[in-house]
Structure formats: structure tokens, C-alpha cells
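The values are calculated or read from the model by the stated rules, or taken from the named source; none is laboratory data. Fair warning: this is a prediction, and the values are worked out from it, not measured in the lab. FYI the Cβ positions are ideal-geometry reconstructions off the backbone, even for glycines, and counts take in every protein chain you see.
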Amino acid sequence: MTMTKLISVRQAVELVADGKTLLIGGSGAGHALPQRFIDELETVFKEIGHPRDLTTVRVVGTGDFADRGFSQLALPGMHKRTIGSNIGNEPRLGAMVEANELEAYSLPQGVLSQLMREIAAGRPGLLTHVGLGTYVDPRQTGGKQNSRTTEDLVEVVTLRGREWLLYHAFPIDVAVISGTTADEDGNITMEGEAIQAEMLAMAMAARNSGGIVIAQVRQLAPRGTLAQRDVKVPAALVNYVYVDPEQWQTYITRDSPYYAGRLRKPVAGDPPLPLDVRKIIARRSLLEFKPGYICNLGFGISQLIGRVAWEEGLTDQLVLTVEQGIFGGVPVAGNEGGAGFNYQALIDQPDMFGFYDGGGLDIASLSFAEVDAAGNVNVHSFEGRIRGPGGFPNISARTPRINFVGTLTAQGLELDISPDGVRVKTEGTLPKFVERVREVSFNGELARERGQLVRYITDRAVFALEPDGVVLTEVAPGIDVERDILARMGFKPRVAEQLKTIDPRVYAAGPMGSEAGA
């Protein structure tokens, strides 16, 4: 086979010159990630100290929350600036940002995903309501993550009598994408990947910026042998291809036919999740999901809702989605979040975010790190570390019903869980309901104006966002309201006159035996 575009990964890295803007595709848990390029970029820089002063861009936080992914690129001098949605996946790079060693921006995942299309189209940026009244609004931080970062990449504009945010476009010099197979011409398919992300938009953005497109694939195929409808990025947009025969589907899974959608996973063989604090919160959140709802499940505890719905035999009653493109079926929890199985469709990430931004969801369940008296939520800045919100600002902006889920306190919390309810063995030392959140990921005042139905679901209590603020509406069996709830909060919520007891099925062993929303 002769392929003029075929190069080595070393040659691919050598195409990145000092001072350029480098865009790397894929998603946090290793989904559709050109990991071999990251490995080689680290090696080359350690050998020769180049390429330097890069602007590095990725749509989703890219890493395993430890040493892989963008953490490998935490190398002094490599970056002038980095742009992403969640640096929490990349703790070593995050530490450099905290130390003010490079410029850094945290923009919403959906904004960055859709911005690739705006760059490709030659437009000035992405105009959207997403982020208004939150940390990324330039009247707050504008997405800047440290004092070294000064340039404004976001501005407020008024159009047809309304405020919007304009996220500025910028040229892409090198885009590194990932697929499964390339033919001799350089057509790229993604039949073995767990997500599709925005590979086509990235390639178009780089080409139309006058840049180059490099593709990592697992394997090569002869010219004319790929199914035409399977091609995700046409050869005309691809400058170079290199092969990584050891390419994995995620950081954990080499090749799952279920993640790739080649097979459906049978309903058998998976032991139930242990009945712990995360499961009881996921169960209570699931009770808000009505049959037929189109739903989003966020990171953390909310990811478990798919697994709980699977245990309860409810997944066919709901349309569970994940922003990376999973539509229907069962989203995967834990360190492979973003994948799924038995889905109805696997769509591109910008399309999913367009659906979310327009209010297409019926309900979302999202994590919180802090909640304050006004109902504001912080999910992206906590525990003294720079992180990021991922797709949270997009998902929460227009969804009519939102469950924010988390424990009432953190750091050391231990519970006894039984069919009789909950007993606090050891209280967490860190309150999560505070007088004022550190930074705003979700604006409670704007939510009230939009008429969103908002609940804050914890291990022992449920709160609602009402016109006068946060209201305690439900309490777990076995919990003392004053001692176990109000005394553990940084503000005093109103207590509903008709205070309810959380459904005891949430705390019982075995399946709840309920229908969604029952």
C-alpha cells in the first residue's frame, strides 16, 4: 500500500512550530484521543525543548486525573496559553496554572465544541446565552484562571434588545484528530470509537485557518474499501496520517463492541452497585425522571443514575444522553464517563450541545460543589484547586428541570444507611451549603427568571429553589432537621410548612421496585 500522507508520529510532532496554536481532539477519559501524539510531544520537548510558547486547545479536559493526557504536557516553556473546559482531568498542568506559569482560560465545553464550527465558517465567534451571569461572563472572570491571564476572549453584546456573550474565534494552526481507520487517500472513519466528538469541525477549522490536520488511526485500509457513509473526515481535509496500532478506545478499555455500538449489551451479569452515599443520592434524583423524558447525566454522582436505571429496568422508559454524543441507552459511569452502550444514536458533540442550548432536554442531573442562599451553584472551583465546569454551563442554562446532586458536607462524611433511613456516623468537616459560593457556575436569580424547576438533592435532605431562595422540602428518615441539616449549613434556608420524608425506598437494599418518577 502506498500512502503519500503517511508519516511517523515523530514527524507529526515536528510539524508543530514554536508559537503556534495546537488543537487536540478527543475527550477526558481517553475517548477518541490521539494519545500517541501527546506521548511523543512530551518526549520531543524533553529532548530538545521545542515546540515552545504554544497555545494549546482541547474541548474537553483531557487526562486520567493523574499523569496521562495533558498532565504530560505540564512542561515549563511549552505553553504560552492553554484553553479548555476542565483542567481537573489534568492536575499537573492545573498546578502550573495555579502557580501562574502560563495563561489559562476555562470556557464551557459546549461553547468550545460549537466554536470549532464558527472558526471553520470564518465567523467572529460564537454568540450564545450560555455563561451569562456565571464566572465566564466578563463582568465576573471572563473564564480567566489566574492573574497572568489578561486578554478578554469573551464579551457582552446586545442584540435585538437582549444580552448575549460572544466568545471570540481564533485561528488553528495544527489540529490533531483521531479515528479508527484511514484509507490510502486519507479518508478517516471512526467505527471503533466510543464517541465522535467534533473531529470534522476541528479539521475544517484548521484547514480554513490555513493550518494543517494530522490524524491518528489504529489501522490502514486500501483505497476504495471504506464504506462511504462511514467516513467522518474526508481525505481532502487531512494533510497527514500516522498509525498507532496500540490505540485504545479509552484509557481503561482497549476495544468494547458495546461502546462502539457494534453489539448491544445483554441485561445480565452486572452485580448491583453497593448501597452507599452516592447510590442513595442517584436513586433520589432518578425519582424525578418521568417516563419519556430526555435527560442529561452530568459527571460524578449523576453518572450513576444510568447504572441505577439499568438495575431497575428503567432505561427503556427514558432517553438518557451524555454531551459527548450518546443519545439513549445507558451512559457509563466513573473513569470512562462520556461513553455508553445500547444507545439509539451516536451524534457529534456540537449537535448535542445545540440541542441542549435550545432547551431540548426535559431534565438534567448535575453535581454541585457549593450552593448558596441565592441558589447559585459552584461546580468548577473548589478544594483550593483550579478545575473547570465542562459542559455544565450549557446543560444548566435552558433545561427546565435540574437536580443538583451532592452530599450535604464533605471530607470525612460517613453514614449508616438502612431501610429505616440514615444516621450520620461521622460528619464531614467541609460545609457545601455556604453563605456565598466562591465562583458562580449556575446563577440562581436567572434560573428563577427563566422559570426553571431546581432541586438540590443530598444524602439526607432535598431543597428547592423558590422565589425567596433555597427551601428545605424533604428530609431522610432518621435525620434530625436542626442537628443534622440546619446546623451543617452556612445559611438558614426556609423550612417548608409541609416538610416531607424522602421516599424510604431510596435507602432500602435491593431494587427500589419503582417506575421512574413514581
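On inspection, Gly359 fails the criterion of being farther than 28 Å from Leu115 by Cβ and surrounded by fewer than 19 Cβ atoms within 10 Å (Cβ to Cβ). Here Ala12 meets each of (1) modelled with pLDDT under 95; (2) of a type outside the set (Asp, Glu); (3) in contact with a strand residue (DSSP E or B) (Cβ under 6 Å, 6 or more places away or on another chain) with one exception, condition (1).
Between Arg262, Arg223, Arg218, Arg229, the distinction of being closer than 18 Å to Ile195 by Cα and more than 27 Å from the chain's Cα centre (by Cα) belongs to Arg229 only. Scan region 353-374 for residues that are within 23 Å of Val308 (Cβ to Cβ) and in contact with a helix residue (DSSP H, G or I) (Cβ under 8 Å, 6 or more places away or on another chain) and the total you get is 6. Which ones in region 440-453 are buried (at least 19 other Cβ atoms within 10 Å of the Cβ) and either in contact with a His (Cβ under 8 Å, 6 or more places away or on another chain) or among the small types (Gly, Ala, Ser) (or both)? Result: Ser441, Gly444, Ala447.
Yes/no per residue for (1) polar (S, T, N, Q); (2) modelled with pLDDT under 95:
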{"position": "Ser381", "(1), (2)": "yes, yes"}
{"position": "Pro389", "(1), (2)": "no, yes"}
{"position": "Ser418", "(1), (2)": "yes, yes"}
{"position": "Gly444", "(1), (2)": "no, no"}
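Comparison of Ser285, Ser256 shows that the only residue that is within 30 Å of Thr409 (Cα to Cα) and hydroxyl-bearing (Ser, Thr, Tyr) is Ser285.
Go through the residues of region 147-157 one by one and say whether even a single one is surrounded by fewer than 23 Cβ atoms within 10 Å (Cβ to Cβ), in the same structural domain as Ala203 (by TED's automatic domain parsing) and within 19 Å of the chain's Cα centre (by Cα). Taking every residue of region 147-157 in turn, none turns out to be surrounded by fewer than 23 Cβ atoms within 10 Å (Cβ to Cβ), in the same structural domain as Ala203 (by TED's automatic domain parsing) and within 19 Å of the chain's Cα centre (by Cα). Only a single criterion out of (1) in contact with a strand residue (DSSP E or B) (Cβ under 6 Å, 6 or more places away or on another chain); (2) in contact (Cβ under 8 Å) with a residue 40 or more places away in the chain; (3) surrounded by fewer than 16 Cβ atoms within 10 Å (Cβ to Cβ) is not satisfied by Gly94, namely (3).
Number of residues in region 407-430 that are more than 16 Å from Ile301 (Cβ to Cβ), surrounded by 19 or more Cβ atoms within 10 Å (Cβ to Cβ) and in contact with a strand residue (DSSP E or B) (Cβ under 7 Å, 6 or more places away or on another chain): the value is 1. Inspection of region 454-476 identifies no residue that is surrounded by fewer than 16 Cβ atoms within 10 Å (Cβ to Cβ), without any contact (Cβ under 8 Å) to a residue 40 or more places away in the chain and among the β-branched types (Val, Ile, Thr). Residues of region 333-349 that are within 13 Å of the chain's Cα centre (by Cα) and either surrounded by 22 or more Cβ atoms within 10 Å (Cβ to Cβ) or of a type in the set (Ser, Thr, Tyr) (or both): Ala333, Glu336, Gly337, Gly338, Ala339, Gln349. When we screen Gly375, Gly359 for residues that are in the same structural domain as Gln452 (by TED's automatic domain parsing), in contact with a Lys or Arg (Cβ under 6 Å, 6 or more places away or on another chain) and at positive phi, the only hit is Gly359.
Counting only residues that are of a type in the set (Gly, Ala, Ser) and over 25 Å from the mean Cα position of the chain (by Cα), which one in region 420-442 is modelled with the lowest pLDDT?
Of the residues in region 420-442, the ones of a type in the set (Gly, Ala, Ser) are 421, 428, 441.
Next cut, over 25 Å from the mean Cα position of the chain (by Cα) only: 421, 428.
Values: Gly421: 87, Gly428: 95.
The selected residue is Gly421.
Can Thr62 be described as hydroxyl-bearing (Ser, Thr, Tyr), buried (at least 24 other Cβ atoms within 10 Å of the Cβ) and in the same structural domain as Gln219 (by TED's automatic domain parsing)? Reasoning before the result, please.
Values: hydroxyl-bearing (Ser, Thr, Tyr): yes; buried (at least 24 other Cβ atoms within 10 Å of the Cβ): yes; in the same structural domain as Gln219 (by TED's automatic domain parsing): yes.
Yes, satisfied.
Between Thr4, Thr55, the distinction of being surrounded by fewer than 24 Cβ atoms within 10 Å (Cβ to Cβ), of a type outside the set (Asp, Glu) and either assigned by TED's automatic domain parsing to the domain that holds Val379 or in a strand (DSSP E or B) (or both) belongs to Thr55 only.
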